[in-house]
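**Student:** Got a structure for you, questions after.
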Amino acid sequence: MYDFTLTPIPARVVFRDGALADLPAEAEKLGTRFLIVCTLGRRGLAERAAELLGDRAAGIFDQATMHVPIETAEAARVEAKRLKADACLAIGGGSTTGLAKAVALELDMPILAVPTTYAGSEATSTWGLTEGGAKRTGKDPRVLPRAILYDPALTLGLPPDVSATSGMNAMAHCVEALYAPGGGPLTSLMAAEGIRALARALPGIVDDPEDREARHEALYGAWLAGMVMEAAGNALHHKLCHILGGAFNLPHAETHAIILPHATAYNAAAAPEAMRRIAAALGADDAATGLFELNRRLGILTALKDIGMPAEGIDQAVANAVKAGFWNPVPLEPQALRRLLANAYEGRPPEPHLASEA
Ligand code: NAD
């Protein structure tokens, strides 16, 4: 029997090759003076956006960086006030959108997002700020971008390795949405479709980063991923990655990609229908193994030890996870979590959670 609550995301979405050309028309609906935020690497693209915006471009802030350090957020807020900005344009990946959210959170201004990776942050009301080595996150409707321009042509330059890990980060949002507490029939349809689109597109991108059809499909999957994460929430995978990233400063998308098959295997017994849908969307016999094999096909590193995780960090991460006590379909058991992390640390294939480990 159905039992769900759904709040559709109130964001306007334009999705097509060349959607950036719609920037002036979309900006007109949201503000008169835009602060444009980007990473240093996307500066050229931000300048193109500024040209398109004309008088509506107040200035560019190009210091976006991973995990939104509070000092960067403060500097962007000061710049927004100095420029008398009344809206923010985020053009780039999750780090850029995250910085725009930090500005919007304090100055209460609308965000127009032009995503150029597969992070999915543009479709969520989740913000994050890093202060003194610890990342705080929260949800606030004011940070949800009011309009999103998805232009697959802008993703053609995203390097294949970044595309692969960023795409598996989006994949993780879809996988967890199939068993997360806020899910329902519509989010499950979108999540399964996101998995299908990403699983089809990512190998094509790794083989040929200029494959326009694959780029189109991957960005479409990323949009679905952001929406289902916002609506359905998440569980072990996301929380564990947050703990690992915060404690050991591991790279965001790589950590998500490595942990995903293991967290899926951990939860498999408690979510058989989700596993069936994940496997079917991947075109695999088994959900967790299919995700592990996809990581390998994409050339993604499969071991936490290869991305900076210290061996002695496993026990600390287990302790933090148990202490955090978040919701998960399978209870958080220290011994089973230790085995999950040991497998991920070594890059071994995922193993199912065994009830006898309790
Ligand atoms: P990112 O934004 O840090 O981008 C990675 C790198 O790719 C950057 O150097 C960037 O300049 C470059 N880049 C971006 N687009 C490019 C393009 N088209 N061509 C060439 N280079 C390009 O990485 P990300 O994975 O997009 O985002 C990760 C961050 O997003 C993390 O801080 C994470 O916590 C956050 N995030 C937040 C949410 C949320 O809902 N709040 C969701 C997912 C991720």
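**Student:** Please compute P(r) over all alpha-carbon pairs of segment 147-252, binned at 5 Å starting from zero, and give each bin as a whole-number percent.
**Tutor:** So the P(r) values, bin by bin, are 2, 14, 22, 21, 19, 15, 7, 1.
**Student:** Please list, or write none, the lysines whose alpha carbon is within less than 26 Å of the alpha carbon of Lys84, excluding same-chain residues fewer than 8 places away.
**Tutor:** The qualifying lysines are Lys29, Lys101, Lys139.
**Student:** Considering all projection directions equally, how large on average is the shadow of the alpha-carbon convex hull of the chain, in square nanometres?
**Tutor:** Numbers: hull surface 65.9 nm².
So the mean shadow area of the Cα hull is 16.5 nm².
**Student:** Step through the residues of segment 60-65 one at a time and calculate ³J(HN,Hα) from phi using the Karplus curve (6.51 cos²θ - 1.76 cosθ + 1.60, θ = phi - 60°), rounding each to whole Hz and writing x for Gly and Pro.
**Tutor:** Karplus-based 3J(HN,Hα) across segment 60-65 equals 10, 10, 10, 9, 4, 8 Hz.
**Student:** Another question, then. Scaled to the compact-protein estimate 2.2 N^0.38 Å, what is the alpha-carbon radius of gyration of segment 209-279, rounded to two decimal places?
**Tutor:** Values: Rg = 14.2 Å, N = 71, 2.2 N^0.38 = 11.1 Å.
Against the compact-globule rule of thumb, the ratio is 1.28.
**Student:** Please label the shape of segment 3-124 as rounded, prolate or oblate, based on the square roots a ≥ b ≥ c of the eigenvalues of the alpha-carbon gyration tensor (a/c under 1.5 means rounded; beyond that, a/b larger than b/c means prolate, else oblate). Provide the component values of the computation, followed by the final result.
**Tutor:** Values: a/c = 1.40, a/b = 1.15, b/c = 1.21.
Here segment 3-124 falls in the rounded category.
**Student:** Which order do Val162, Val68, Val330, Val175 fall in if you start with the one that has the fewest other Cβ atoms within 10 Å? Numbers along the way, then the final one.
**Tutor:** Details: Val162 16, Val68 27, Val330 20, Val175 36.
The order, fewest Cβ neighbours first, is Val162, Val330, Val68, Val175.
**Student:** Where both partners of a DSSP beta bridge lie in the chain, what percent of those bridges are antiparallel, to the nearest 5? Mind showing how you got there, number by number?
**Tutor:** Values: 6 of 26 bridges.
Roughly 25 percent of the DSSP beta bridges within the chain come out antiparallel.
**Student:** Then there's this: Go through Ser95, Ala80, Ala279 and say which Cα lies farthest out towards the positive end of the charge dipole of the chain; charges sit on Cβ, +1 for Lys and Arg, -1 for Asp and Glu.
**Tutor:** Value computed over the given set: Ala80.
**Student:** Hey, rough spin-label estimate for Glu273 and Glu74, points 7 angstrom out along Cα→Cβ, what's it come to in nanometres?
**Tutor:** Each label point is offset 7 Å from its Cα along the Cβ direction, giving 5.0 nm.
**Student:** Apply the a/c threshold of 1.5 to the C-alpha gyration tensor of segment 226-358 and tell me whether it is rounded, prolate or oblate.
**Tutor:** Numbers: a/c = 1.38, a/b = 1.17, b/c = 1.18.
In terms of gyration-tensor shape, rounded.
**Student:** Test of understanding: in a Gaussian network model of the chain with alpha carbons linked when under 10 Å, which of Ile195, Ile243, Ile91 would top the mean-square fluctuation ranking?
**Tutor:** Ile243
**Student:** Using a Gaussian network model of the chain whose springs link C-alpha atoms within less than 10 Å, name the residue from Ala225, Ala119, Ala199 with the highest mean-square fluctuation.
**Tutor:** Top of the fluctuation ranking is Ala199.
**Student:** Right, another one. If we count other beta carbons within 10 Å of each Cβ, what is the order of Asp55, Asp22, fewest first? Present the calculation step by step, with values, prior to reporting the outcome.
**Tutor:** Working: Asp55 7, Asp22 16.
Listing Asp55, Asp22 from fewest to most nearby Cβ atoms yields Asp55, Asp22.
**Student:** Another question, if that's okay. What Kirkwood radius, in Å to one decimal, follows from the Cα pairs of segment 1-62? Let's see the in-between values first.
**Tutor:** Values: mean 1/r = 0.0733 Å⁻¹.
Kirkwood radius, segment 1-62: 13.6 Å.
**Student:** Another question, then. Could you give the dipole magnitude of segment 1-79 about its Cα centre, charging the beta-carbon of Lys and Arg +1 and that of Asp and Glu -1, in debye to the nearest 20?
**Tutor:** On the way: 9 positive and 12 negative charges, 19 e Å.
So the dipole magnitude of segment 1-79 works out to roughly 100 debye.
**Student:** Moving to a separate point now. Quote the charge dipole size of the chain about the Cα centre in Debye, to the nearest 20; the model charges only the Cβ of Lys and Arg (+1) and of Asp and Glu (-1).
**Tutor:** 600 debye
**Student:** Now, a different point. With charges set only on the Cβ (+1 for Lys and Arg, -1 for Asp and Glu), what does the dipole of segment 158-258 come to about its Cα centre, in debye to the nearest 20?
**Tutor:** Details: 5 positive and 11 negative charges, 70 e Å.
That gives a dipole near 340 debye.
**Student:** Can you sort Phe61, Phe4 so the residue with the fewest Cβ neighbours within 10 Å comes first? List each step's numbers first, then the result.
**Tutor:** Values: Phe61 25, Phe4 13.
Exposure proxy ranking, most exposed first: Phe4, Phe61.
**Student:** Of the candidates Arg277, Arg142, Arg12, which one comes out as most mobile in a Gaussian network treatment of the chain with C-alpha springs shorter than 10 Å?
**Tutor:** Arg12
**Student:** Lys/Arg Cβ at +1, Asp/Glu Cβ at -1, dipole of the chain taken about the Cα centre: which of Ile111, Ile243, Pro261 is farthest positive-ward?
**Tutor:** About the Cα centre, the residue reaching furthest to the positive side is Ile111.
FYI, it's all coordinate maths here, none of it is from the lab. Computed from a predicted model, the values in this text were never measured in an experiment. Note that we place each Cβ from the backbone using ideal geometry, even for glycine, and neighbour counts take in every protein chain shown.
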